[in-house]
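Please read the structure below before turning to the comments.
The values are calculated or read from the model by the stated rules, or taken from the named source; none is laboratory data. Since the model is a prediction, treat every value here as computed from it, not as a measurement. Cβ coordinates were reconstructed from backbone atoms using ideal geometry, including for glycine residues, and neighbour counts include every protein chain displayed.
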Amino acid sequence: MSQTDILLEAGTNELEIIEFFTKEKIGEEIETHYFGVNVAKVLEVVEAPDGLEGSEAAAHPSFLGTIPLRDLILPVVDLSIWLGVERAQEANEPIIVTEFNAMITGFLVSGVTQIHRINWKDVESPNKYFSSMHTNCITGTVKISEHFVLMLDLEQVLADLDESGNTQTTLSSVVSEERYRVLIADDSTSVRDLLQRNFSNANFEVGVVGDGAEAWSRLLTIKEKALEEGKSPLDYIDAVVSDVEMPQMDGYTLTRRIKEDPILKVLPVTLFSSLISKSVLHKGKAVMADAQVTKPEFNGLTEKVIELIRTWNPEAAS
């Protein structure tokens, strides 16, 4: 993690991304594709060793095996192969070493440019072409200088490489005796679908949106209705569950806005993200999130939200 990332305050809607690129060979031409990931997921960048290549016995063609990295055995994924493009191989290609969802993985790319500090409002949702890609791996686009950088969903990459491919194992068996209502904000289509199934199976009425800005818009509508009818927002919704990384408005900013609003602050908010770890819990606390759950804990999320609703004290929140 860069030192400047530590200075980023939660709830300012800012983030830092590391920009990298892959070079695709198309006939005799070379086309460069630019991507970005949150610096908070990157441990370091190392040079790829010579002779790194895949095996026919690999679970996925993009898996290049493992390499030693100090006290680690690092699995390496060829990002170009996973994206379905022919990489134009060059000397001294880098491996981006990442850590999220309690996993450390290396991604082979053609090159790394630099780190940019951007605002989530400058990250546009994927256009129709990217959002319909079979991998569903692009979560947003941002223009930097004279080119567009595609925000890559590395969680989707690892999910695709999971040999089990059994998403059913992440479904929760908990069912609430009482009918609850939840608003879910997440920019990943696959995660939204899974969360919607989880909460629906748990006896929730579920509303889903693709980013924090859309969630905030829905909450303002609820606030307006509550004021008109002389009721509490809790008469229309029981909880909010939000991802952290989202185009337009991130989960920290959404949470801060909810908790600073004199009407909406009575709503319990749970942050649900692959970024959540012991080292960043302070960011969720800084924006007054009521619970924080890391994405590998799908099974525990629904139960956590039910427990939060059951024990919720709106007077203490206000």
Review point. Hey, among the residues in the stretch 211-234 that are aliphatic (A, V, I, L, M) and surrounded by 15 or more Cβ atoms within 10 Å (Cβ to Cβ), which one's farthest from residue 297 (Cα to Cα)?
Key: 226
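Residue-wise test of (1) within 26 Å of the chain's Cα centre (by Cα); (2) within 26 Å of residue 17 (Cβ to Cβ).
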site	(1), (2)
58	no, no
61	yes, no
65	yes, no
77	yes, yes
81	yes, yes
88	no, yes
96	yes, yes
101	yes, yes
105	yes, yes
Check your understanding: Among the residues of the stretch 192-210, is there at least one that is touching a Gly at 6+ places or on another chain (Cβ under 9 Å), crowded, with 22+ Cβ neighbours inside 10 Å and of a type outside the set (Val, Ile, Thr)?
Key -> no
Exercise for review: Looking only at the stretch 245-252, decide whether some residue is over 25 Å from residue 125 (Cα atoms) and not aromatic (Phe, Trp, Tyr).
Suggested key: no
Revision key, fill the gap. How many residues of the stretch 20-30 are exposed (fewer than 12 other Cβ atoms within 10 Å of the Cβ) and either of a type in the set (D, E, K, R) or outside the structural domain of residue 144 (by TED's automatic domain parsing) (or both)? The answer is 2
Review point. If a residue has to be part of a strand (DSSP E or B) and surrounded by fewer than 21 Cβ atoms within 10 Å (Cβ to Cβ) to count, how many in the stretch 8-17 make the cut?
Key: 2
